[in-house]
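A.B. asks: Take a look at this one; I'll ask things after.
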């Protein structure tokens, strides 16, 4: 178990609760299936917004038209670049743990947020592989927004089922969770 993760999670455990596994999500900038649609859309949005601003500025448009385009340019820049870095920042400050009683997801980006799922109450656990040893373990039924990523869109992470997004050891973690769920029943 990662020492830093253990230090962050340990204060969240109950007095009799025992940690079985702790880890962190995939790090760095990553691309997801949804980016096949989002990248072209973001380039069109951002390109049009920048073109609008340039045309308004070079054409001597009134200040209102210049100001009107600024939010659209900012949104375009977030869609093109910012969402990848925001996602990487959030994952860099995210920690996972499995105890003998629950699954914990701790996010310390933009405040401290703990999601605790009792092993007895998890209705569905699914595993999807990525590469040879990585993948995603999802806790709960799949939603239509699952393909859109974990946290790139502000506020969207609340409508996506909690999951562990790991770059290695996915099968081992999945078996630890299944065994802990069996033992908790």
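A.B. asks: For Cα extents along the principal axes in Å, pick the label among (i) 38, 35, 31; (ii) 61, 32, 26; (iii) 70, 31, 26 that corresponds to the value derived from the coordinates.
C.D. replies: Answer label, from the structure shown: (iii).
A.B. asks: Enter the angle in degrees (range 0 to 90, nearest 10) between the Cα long axis of helix 63-77 and the first principal axis of the Cα atoms of the chain, meaning the one along which they spread out most.
C.D. replies: The angle comes out at about 30 degrees.
A.B. asks: While we're here: Can you give the FRET efficiency to the nearest 0.05 for residue 50 and residue 114, using r as the Cβ-Cβ distance and R₀ = 41 Å?
C.D. replies: On the way: r = 40 Å, r/R0 = 0.97.
Result of the calculation: an efficiency of 0.55.
A.B. asks: So how far, in whole Å, is the C-alpha centre of region 37-101 from the one of region 17-35?
C.D. replies: 24 Å
A.B. asks: So for the pair residue 64, residue 133, with labels modelled 7 Å out along Cα→Cβ, what separation do we get in nm?
C.D. replies: Result for the modelled spin labels: 6.2 nm.
A.B. asks: Now for a separate question. How much FRET efficiency would the formula 1/(1 + (r/R0)^6) give for residue 16 and residue 41, where r is the Cβ-Cβ distance and R0 is 41 Å, rounded to 0.05? Kindly include the intermediate steps, with their values, before the conclusion.
C.D. replies: Working: r = 50 Å, r/R0 = 1.22.
That pair, residue 16 with residue 41, gives E of 0.25.
A.B. asks: Restricting to Cα atoms and excluding each atom paired with itself, what does the Kirkwood estimate give for region 10-92 in Å? Don't skip to the answer; put the middle values down first.
C.D. replies: On the way: mean 1/r = 0.0627 Å⁻¹.
Kirkwood hydrodynamic radius for region 10-92: 15.9 Å.
A.B. asks: What number, in percent, do you get for the relative contact order of the chain if the mean sequence gap of Cα pairs under 8 Å and at least 6 apart is divided by its residue count? Each step should come with its number before you reach the end.
C.D. replies: Working: 264 pairs, mean separation 42.9, N = 185.
In percent, rounded to a whole number, it is 23.
A.B. asks: Can you give the calculated 222 nm mean residue ellipticity of the chain, where each DSSP H run of n ≥ 4 adds -39,500 (n - 2.57) and the sum is split over every residue, rounded to the nearest 500 deg cm²/dmol?
C.D. replies: Numbers: 5 runs with 71 residues, N = 185.
The helix-only estimate for the chain comes to -12500 deg cm²/dmol at 222 nm.
Since every read-out is calculated from the coordinates, none of them should be taken as a lab result. Quick caveat, the model's predicted, so the values are computed rather than measured. Every residue, glycine among them, receives a Cβ derived from its backbone with ideal geometry; neighbour counts consider all protein chains shown.
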